[in-house]
Amino acid sequence: MVQGKTMKQYRSGRLTIWDGKKRGKGHNSLTGVGSMIGIKSGKVIGYGTRNKRCAICEAADRKGKQPRQHDCRLNWNKSSKAMEADVCADLVNNCSLRHNTQVTILVGDDDSSTIKKVRETVNHEVEKWSDIVHAKRSFGSALYSLQSRYKGNKNLSAKVIEYLQRCFTYALKQNKDNPDGVKTSLGAVIPHAFGDHAACDISWCGYLQNPSNYSHASLPNGRDLQGDSLKQDLQEIMDVFINNAEKLAPLGSSQANEALNNTIGSKTPKIRHYASSESNDYRVACAVSQKNIGHSYVSQVITPKSSR
């Protein structure tokens, strides 16, 4: 998601890497694609692909010959992981060079390499907002990872984690565009669950509204969570998000890009390999056309301009 003279959105993440297998946190993909989508229009206003193979060039190389004239799409020889940052920087830079438009805000996951590459490429300031869906997913993943250290402890059961995730979501949605409110609300979540209501607000805290009869509706037996060590570990996880309240407060979302990624995936399924020819780029272009103008793009492509 980006803001400037015109407002745009950018997202190129895990789902944009199609060919090859993902191993751990890395990629060995042979191709990648990134897209930029306008916030107001919802249209794709920029996209780019990176391809690590060309079958014709490889065949000629094996024979020790010069490749025949062809539509070569080979344009990447670095790591697959670096594709995302490179495409993003290229799209942002093209907005400045081709359209005289500055992209000043990016919305995406917390991959620091992407925003670093963008800031190194352009001459204007670019702000980073967190993708709210990815933030909620990261918070939940951190809680479930912590659960392995407290096996059998009912104070960090799946029910408790779901409760903390709901509180996390409420704290963000109730404080849209209010970083201080996000900090305060997120900072109250863990203490509240452990019976410390000093940072709570009476508008949502049942204990402050009725101290004598209050019990937690979603915690085990309605009681406060217990354990100083657990409280400290949970607070350390929450502090990561509190320290990024400025990025979280706008509630940025890249769901439009994820929807486009799904369309691209339907046209370039992982069980087939299209990355060594121009076929992959054509298929991505079809997905972009479908996003922008609908399925009528097919008839517009095959109908000669003279007969339209």
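What follows draws every value from the coordinates through simple rules; no lab data is involved. Since the structure is predicted, the reported quantities are computational estimates derived from the model, not experimental observations. Here the Cβ positions follow ideal geometry from the backbone for every residue, glycine too, while neighbour counts run over all protein chains shown.
Structural remarks
- Helix axis angle, 112-121 relative to the chain longest principal axis, alpha carbon, degrees: 50
- Look at the alpha carbon pairs under 8 Å that are at least 6 residues apart: their mean separation over the length of region 121-216 gives a relative contact order of 14 percent.
- Helix 255-267 and the longest principal axis of the C-alpha atoms of the chain enclose an angle of approximately 40°.
- Antiparallel DSSP beta bridges within the chain, as percent of all bridges there, nearest 5: 75
- Using alpha-carbon coordinates, inclination of helix 83-99 to the longest axis of the chain, degrees: 70
- Per residue, the average separation of C-alpha pairs within less than 8 Å and at least 6 apart gives region 228-299 a relative contact order of 22 percent.
- Cross-link table LYS78/LYS247; LYS52/LYS176; LYS43/LYS81, entries beyond 32 Å C-alpha to C-alpha: LYS52/LYS176
- Amide hydrogen neighbours beyond the local backbone of GLU127, cut-off 5 Å, H modeled: ILE105, LEU106
- Restricting region 197-247 to trypsin sites (Lys or Arg not before Pro) that sit in a DSSP loop and have at most 12 other Cβ atoms within 10 Å of their own Cβ leaves ARG223.
- Mean ellipticity per residue at 222 nm, deg cm²/dmol - from DSSP H runs of n ≥ 4 across the chain, formula -39500 (n - 2.57): -14000 deg cm²/dmol
- Protection proxy ranking of 145-154, 83-92, by the mean of other Cβ atoms within 10 Å over each peptide's residues and highest first, is 83-92, 145-154.
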